[in-house]
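Below is one structure; the comments refer to it alone.
The values are calculated or read from the model by the stated rules, or taken from the named source; none is laboratory data. This one's a predicted model, so the numbers in the text were calculated from it and none came from an experiment. Methodologically, a virtual Cβ is constructed for each residue, glycine included, from the backbone with ideal geometry; neighbour enumeration extends over all protein chains shown. Side chains included, ligands, DNA and RNA excluded: accessible areas come from the protein's heavy atoms. Shrake-Rupley method; radii C 1.70, N 1.55, O 1.52, S 1.80 Å.
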There are 2 protein chains.
Amino acid sequence: MVSEGLIDKIEAVRRVPAGQLDQLLHPIIDPSIRATPLCLGLPASPGAASGRAVFDPDTAEQRAHAGESVILVRDETTPEDFHGIVAARAVLTARGGMTSHAAVVARGMGKCAVVGCKELEVDLEHRSFNVNGTVVAEGDWLTLDGATGRVFAGDLSTIPSEVVRVTSGTMSPSQAPLYQSYSELLGWADEVRRLRVRANADTPRDARIARSFGAEGIGLCRTEHMFFEGDRITAMREMIVAREEGGRRRALNKLLPMQRADFEGIFEAMDGLPVTIRLLDPPLHEFLPHGGEETKLLARTLDIPRADLNRIIESLRETNPMLGHRGCRLGISYPEITEMQGRAILEAAVRAMRRGIVVKPEIMIPLVSTVKEFDNQRAVIEDVANRVLGGMGEKISYLIGTMIELPRAALTAAQIAQSAEFFSFGTNDLTQTTLGLSRDDAGRFLPSYIERGILADDPFQVLDTEGVGRLVRIAVEDGRRVRPKLKVGICGEHGGEPRSISFCHSLGLDYVSCSPFRVPIARLAAAHAALNA
Amino acid sequence: MVSEGLIDKIEAVRRVPAGQLDQLLHPIIDPSIRATPLCLGLPASPGAASGRAVFDPDTAEQRAHAGESVILVRDETTPEDFHGIVAARAVLTARGGMTSHAAVVARGMGKCAVVGCKELEVDLEHRSFNVNGTVVAEGDWLTLDGATGRVFAGDLSTIPSEVVRVTSGTMSPSQAPLYQSYSELLGWADEVRRLRVRANADTPRDARIARSFGAEGIGLCRTEHMFFEGDRITAMREMIVAREEGGRRRALNKLLPMQRADFEGIFEAMDGLPVTIRLLDPPLHEFLPHGGEETKLLARTLDIPRADLNRIIESLRETNPMLGHRGCRLGISYPEITEMQGRAILEAAVRAMRRGIVVKPEIMIPLVSTVKEFDNQRAVIEDVANRVLGGMGEKISYLIGTMIELPRAALTAAQIAQSAEFFSFGTNDLTQTTLGLSRDDAGRFLPSYIERGILADDPFQVLDTEGVGRLVRIAVEDGRRVRPKLKVGICGEHGGEPRSISFCHSLGLDYVSCSPFRVPIARLAAAHAALNA
C-alpha cells in the first residue's frame, strides 16, 4: 500500500501488530495437509517441526549428531536437559506451563515447543509415551505445531519461513518478496523508534542469529548455559564439590579457556556492538547430578567417595533456591569464580581486538541487593582487569553494571548507581520477588488467577506495570538522578513483549533485550511505542 | 534515683536501654554454681532451663505430660516439632542460625533455646548425642543458658525472674522490689509513648502471658499453629489429601470446633482488646508427613492406598515453597478453608460476647499481592459472617484487613487500602522477598555478610529501613492517602526490636506487635522513640 501511495510509511508501521511478525519467522505445517492431532498441549514456542521421538537429552544429542531430526519428549525438562534441547528440533512435555523450563528455553532458542500436554503419559522405562491409547515409541516420527499446540504422529511436511531463509543466508533477498516487505517495514520502524533493541544470547551462534534479525547488541549473555555443554559440566562439578580454594581454582582453570573461546566468538559476532555478560547466577545445586547413576559416575570421575559426594550434594540443597546462595552471593563467597569469569571476558576481548574486532564488553553483576555487594565484586573484576590488561599490554574500555532483579536493588538504586555504570532490569526474577511468585510453582494457581480475572495477564509474559513497573520507575528515576548518563535496559522476557516494550519506552529506557527471534517484534513494538507516545 | 529526686521520670525512662529488660524476664542459672559447659551454641532465646534430654517431639510431649521437665534435642526443628517445643522447657539444636525454626519458635514462646551447636552429634538411632567425646543419652539431665549459649550436663539450679513470678501470679508485687521498679518504669514509659504495643500469640495461654506483660491486643494470631496440636494434624491432613470439595469440607468440619474453642479462649484472654487473626498461611506441604513410617500410618488412618498418598504428597512439593501456593492463594483455590476459618472466628466472637466479653476481631488475609485477591477473600468472609451473625441473631463489629508482606502489596497499597480496613506489615516475609533472601537458606552466607560489613545487621532481626522500610513508608503514605483512618501496625519479629520500633514510630504506625516476652521491651522502646522524635 505504501508503494501504491495509499498510506505513508508511518501509517504502515502503525498498522502491523508487532506480535504478527512472529508468524513470519517460524516454519509452519503445510496447510494443504489434512491430519488429526494426537493431542493438544500449550503452544509454548511457535514454529512447526518434525523429528523422531527421543526420551532423554543424551539420546537426543547422539541421534542429532548422527544426522537425525529428533524431538525431545519429557515429562518436564530441567537445566540438565539443556544439551538435549539444543540438539532437538522441538520439545514436547507432559507437564509445565507457558513459563516452564522447556517453554522458556525453547522460546529463547526460537525452537518449537508444545508443553503441558496433559494426556501424554511418558513411560521412561519402555522409552515410549501413551496418549489416549496410541503408543509412540522411541524413533517414531512426530510433528509439532508450536503455534497451536497440536501434536501429530508422523512426519508432516513443513514450510520454512522465507524471512529466516534469507537471514540465514540460504535464500537471496531478491527472490523473497515477503522478506523484502518485512525488511522494508522494519527499516521504517527503525527510523521511528527511540529504544535500542538487543538480544539475549548465550553462544556465538545465537549472537549471529540475533544480529541477522537486527539486534544492536547483546543485552544478556548467561554464562551458566556454557557450563552445561559437553565436558564443561564435569569441570563445573569438580569446582563445586572442591572443599577448598585450591581445588576450586584448579577446576576453574579448566573452565577458563572454554569460557574465553565462547566470549571471543560472541564478541566477533557482535563486532562493533555492546555485549552484556552476566556473571554466574544460579545456585550451585543446579549443576549437580540428581540421579543415583549419574552421581556414581561423577564420584568415579572426580575420584571421591560416593558418600562424600552425596553429602556435598545434600549440603547444597536449599529450601527456596530462588532466594538462596546464588548470583553475586556466590561471587562474594568464592571470589575466584568472579576472577575466572572476569579474566575470560577480558582476555577474550583482547584477543578479539587484536583480530581487528571492535569489542564493547559490559560486565553485569547479578542479584545485587546492596551497593556493598556490587562494590565487592567490582573490586574483584577491576583487579583482574588490571592484571590481564597490564600483562597483555592493552587498553580496553569496558563497563561494570548490575542486574536490577530484587526489589531492594530498585529501592536503593540511588546508592547502587553511584558505583554501577549500567542497570539491566532482570524482570523475570524481579517479578518473582515483587509478587512473591515462584515461576516454577505458580502453575498450580496462576492459570486460574488469569481465568478469574484476578490477574489480567501472566506477569511473566506481560510486565506488571503497577507493581514491578513501579519499582522499575523508582530505580530509573533514582539512578539517573545520581548518574544522569546511566545506561538502562531490560533483559527479562518482557523485553520482547509489545505492551511491556511500550512501558519501557515511556520510562525512557535505553534499550530492551529479548530472545533473538523476538528482535523483529521488539523493533516494531518500539516504533509503535514512539509513535503512540 | 527518681524517688531520691536525682532524676525525673522521663530521664529514668531514657536511661534504661530497652534491650536490658530482657534480663528481668527470664530465669538465669544460679551464679554461685561453678560448672564447665559441655559446649557452646548460639544464644537464640534467653533464659535458663534444666530438663531431661529427649530426641523427638512425641517423647517430649509424653514425658512432659507425665510431669517431667524435658529439653528437646534435635539436629534442627521443623513445624512438625511444634508440639515438642511447646512441651519442652528448652530446645537445643545442632544446626541452624539465630533465625532458624527452633530459634524463632522458642523466642516466640519466650522459651530458652540454644541452636547451631556445631560440636553436637545427634545419634537418633541410639537416642543420644555426642559432644566432644561425652555421650548424653535420653533421660540424662541437661541445663541450657539461652542468654549465653552454654550447654551443661546435669540439673543446675536456676533462679526464676522476679517479674515473671509476679506477672504469673505466684508472687505478690509487694514482696517484689525489682518488679515494682520494672512496673513503675514501664508505667512512666506508657505515659510517654504514642505507639501501641500488641503481642503475637497463637493460643489462649500465650494471650494471657502477653496481657500480663502489658500487651494491648493481639497483633498476630497464626491459626496454623493450632493445626499441629494433637489430633488436629490428622484432620488437617485429611483436608489436604481430599481430592474434592466434599472431602475437604468433611475434614474442615472436624477442625471447626477446635479453632472456635481456641479463638474463644483468646478473645476471653483479650477481653476489651483487639485480636488480629491471620487466615491459613503456609503451603499445605508443610502439614504433611515426610517420613516413610508416618506416611504409612497416615495412609492407614485415612484409609487410602499408600501409593496415592505418596503421589499427593509429591504433587504438593514446591521448588520455592516460600513463593508458592500459600496465603490467600490457598483460600482462593479452596474457599471452604476461608469459610471455615471465618465461621470459627465469628462463632467464637458471638459465644464470647454472650458471656459478657468485649470482642474486637480483626480478620487478616495473608500474602495479598493485588486488591482483587483481597476482594475475593473479603467476599467469602462477609458472606459467612452474614450467615453466622444472621443465624445467631447477633451483631458484631469486626474489621477485615491484610498483611502487607509482598513488595507488590506495598507498591499497590493505594488500591488495597480502598478495600482493606487495616494493614499489618509482615516484615519477616517482606524482608525475604525484598532482599530475595530465604530465611531458611541464608545461613550459608548471611553470617559472613555481617562479618564483612556488607550488611550492618541481620535484616531478620533489625528492620532494613533503606529497602524494606522504604516499602513500608510507601504503603503507609499511599494507604492513608485513600483511607486516612487506616489502622497500621507491624507484626514481624522487628516489632520487638528497639531500633525497628523507633522507625515504626517515625512512620506514624499505630502499633507494633511482638512476642509476649518482648512486650515490655517494646513498651520501653516505644517511649524512647517518642522521646527522641
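Observations, loosely collected:
- Alpha-carbon geometry of chain A: the Rg and the Dmax are 23.1, 76 Å, given in that order.
- Candidates per trypsin sites (Lys or Arg not before Pro) in the stretch B:293-355, loop by DSSP, up to 16 other Cβ within 10 Å: B:ARG317, B:ARG355
- Taking every DSSP helix (H) stretch of at least 4 residues in the protein assembly as shown, weighting each as -39,500 (n - 2.57) and dividing the sum by the residue count yields a mean residue ellipticity at 222 nm of -13000 deg cm²/dmol.
- Taken as Cα centroids, the stretch A:466-532 and the stretch B:294-330 sit 41 Å apart, rounded to the nearest whole angstrom.
- Cα gyration tensor category, rounded, prolate or oblate, for the stretch B:10-153 with a/c compared to 1.5: prolate
- Extension gain, A:ASP375 to A:ASP58, is 110.0 nm, computed as 0.36 nm per intervening residue step minus the present C-alpha separation.
- Local electrostatic count, A:ASP441, Cβ distance below 15 Å [Lys/Arg +1, Asp/Glu -1]: -2
- Copies compared at A:PRO447 - label distances in nm, ascending, label defined 7 Å from Cα in the Cβ direction: 4.5
- With a cut-off of 13 Å on the backbone N, the residues of the stretch B:32-53 near the modelled label site 7 Å out from B:THR148 along Cα-Cβ are B:32-41, B:43, B:47-49.
- For the peptide B:366-376, the mean number of other protein chain Cβ atoms found within 10 angstrom of a residue's Cβ is 3.
- With label points set 7 Å from Cα along Cα→Cβ, the inter-copy distances at A:VAL358 are 7.8 nm, sorted shortest first.
- Long-range Cα-Cα pairs in the stretch A:197-246 (distance over 15 Å), rounded percent: 55 percent
- With its label point defined 7 Å out from Cα along the Cα-to-Cβ axis, B:ARG15 lies at 8.7 nm from the matching points of the other copies, in increasing order.
- Shape analysis of the stretch A:65-218 based on the Cα gyration tensor places the equivalent ellipsoid semi-axes at 33, 18, 14 Å, largest first.
- Euclidean distance between Cα centres, the stretch A:188-238 to the stretch B:118-161, Å: 56 Å
- Among the trypsin sites (Lys or Arg not before Pro) found in the stretch B:418-478, those both in a DSSP coil and sparsely packed, with 12 or fewer other Cβ atoms within 10 Å of their Cβ, are B:ARG452.
- Look at the stretch B:408-415: the mean tally of other chain Cβ atoms within 10 Å of its residues' Cβ atoms is 5.
- Projected over every direction and averaged, the convex hull enclosing the alpha-carbon atoms of the stretch B:123-204 yields 9.5 nm².
- On the beta carbon distance between B:ILE159 and B:LYS485, with R0 = 35 Å, the FRET formula returns roughly 0.15.
- Rg to Rh quotient for the stretch B:437-533, alpha carbon positions, Kirkwood Rh: 1.01
- The length gained by stretching the chain between A:THR170 and A:ARG127 to full extension, at 0.36 nm per residue less their Cα-Cα distance, is 11.9 nm.
- Compared with the alpha-carbon gap, the fully stretched path from A:GLU119 to A:VAL358 is longer by 80.9 nm at 0.36 nm per residue.
- Excluding ligands, DNA and RNA, the accessible surface per residue across the stretch A:18-89 is 43 Å² with a 1.4 Å probe.
- Shown here: the stretch A:162-226, whose C-alpha atoms stretch 40, 31, 10 Å along the first, second and third principal axes, sorted largest to smallest.
- Within the stretch A:210-296, none of the chymotrypsin sites (Phe, Trp or Tyr not before Pro) combine a DSSP coil assignment with at most 14 other C-beta atoms in a 10 angstrom radius.
- Qualifying lysines (Cα of each under 20 Å from Cα of B:LYS485; at least 8 residues distant if same chain): B:LYS360
- Using Cβ point charges alone (K and R +1, D and E -1), the dipole size of the protein assembly as shown about the Cα centre works out to roughly 2120 debye.
- On the principal axes of its alpha carbon atoms, the stretch B:1-80 extends 55, 33, 26 Å, with the longest extent given first.
- Kirkwood hydrodynamic radius (C-alpha pairs) into Stokes-Einstein, the stretch A:352-477, 25 °C and 0.890 mPa s, D in µm²/s: 147 µm²/s
- In Å, descending, principal axis extents of the Cα set of the protein assembly as shown: 102, 72, 59
- For the stretch A:412-480, the convex hull drawn through the C-alpha positions has a volume of 83 cubic angstrom per residue.
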